[in-house]
Amino acid sequence: MSTRLACVVFDADQPRSVARFWAELLGWDVTVDRPDEVDVAAPDPDAPDVALTFRSAARPKSGKNRIHLDLASRSLDHQRVQVDRALSLGARRIDIGQGAVPWEVLADPEDNEFCVLEPREQYVDTGAVAAIVVDTRDPARLARFWSAASGWPVTHHGNELCGIRAATGQGPWLEFLRAEGDGDRLRLDLTSHPAGDPDADLERLRAAGAITLRPNDSRAGRARSMVLADPETYEFQLLRPRGD
């Protein structure tokens, strides 16, 4: 597989501020700090976690985000500690119609939804982020597409929820949940491997169901990337590897 899931991208009104929130909440490091981009990643360079990237938003948040993060907990006490820490850093509890559930639904300081889960066996080895959850009309279809795009096999398949994960069995799940969500403040970006062929990668993604939208060469420090849309027409980028 010559492309991989590189990062979850947050469009932010104040990228540095919201990046600092997530770095402190997860215990991760700020690895890139530029005017146009702030990146946050797990401190272990060999860790399987997907990085978080924060960029300036072109428009205000509107509606529930289509993508959100689920955070893992080791015990009910740890879940409470995680929630209290998030609240102390500027998060707030929100009601999106979840009802009485064992997980906590919160919003970060820019109103991006996320959940702090109760302990679950399937997330014991994921690290701080248990799952990247994508709302979709067709979980199976989108799971197949992102499996082809990321190289992660489909590991569970249901009518309401499908999930993919790295074949190593490490790092977060990427889950596709049958749910309504149309906000686009978060998205997924792919990158080509350094030894790969980005043009061939682009053709393979098109064959899997991606739609090419436009090139994007506005990001400092990186060669031109390509903006595409997944089969449900939500945007993502195919990034060329960093020169450094």
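Loop-only chymotrypsin sites (Phe, Trp or Tyr not before Pro) in the range 96-135, please: DSSP not H, G, I, E or B, and at most 14 other Cβ atoms within 10 Å. Here no chymotrypsin sites (Phe, Trp or Tyr not before Pro) fit, given the DSSP loop and packing criteria.
Specify the inter-centroid distance of the range 21-39 and the range 100-141, based on alpha-carbon positions, in whole Å. So the separation of the two Cα centres works out to 20 Å. Exposure proxy for 168, 212: other Cβ atoms within 10 Å of each Cβ, ordered fewest to most, give 168, 212.
When you filter the GluC sites (Glu not before Pro) in the range 117-190 for DSSP loop state and at most 15 other Cβ atoms inside 10 Å of their Cβ, you are left with 160, 180. Under the convention that each Lys and Arg Cβ holds +1 and each Asp and Glu Cβ holds -1, the size of the dipole of the chain around its Cα centre is about 400 debye.
Between 212, 97, 51, the Cα set farthest toward the positive side of the dipole of the range 3-239 (charges on each charged residue's Cβ, about the Cα centre) is that of 212.
With R₀ fixed at 45 Å, the C-beta to C-beta distance from residue 24 to residue 137 puts the FRET efficiency at about 0.80.
Counted over the chain, the DSSP beta bridges are approximately 70% antiparallel.
Taken together, the values in this text are just the output of simple stated rules run on the coordinates, not laboratory data. This is a predicted model, so every value here is computed, not measured. FYI the Cβ positions are ideal-geometry reconstructions off the backbone, even for glycines, and counts take in every protein chain you see.
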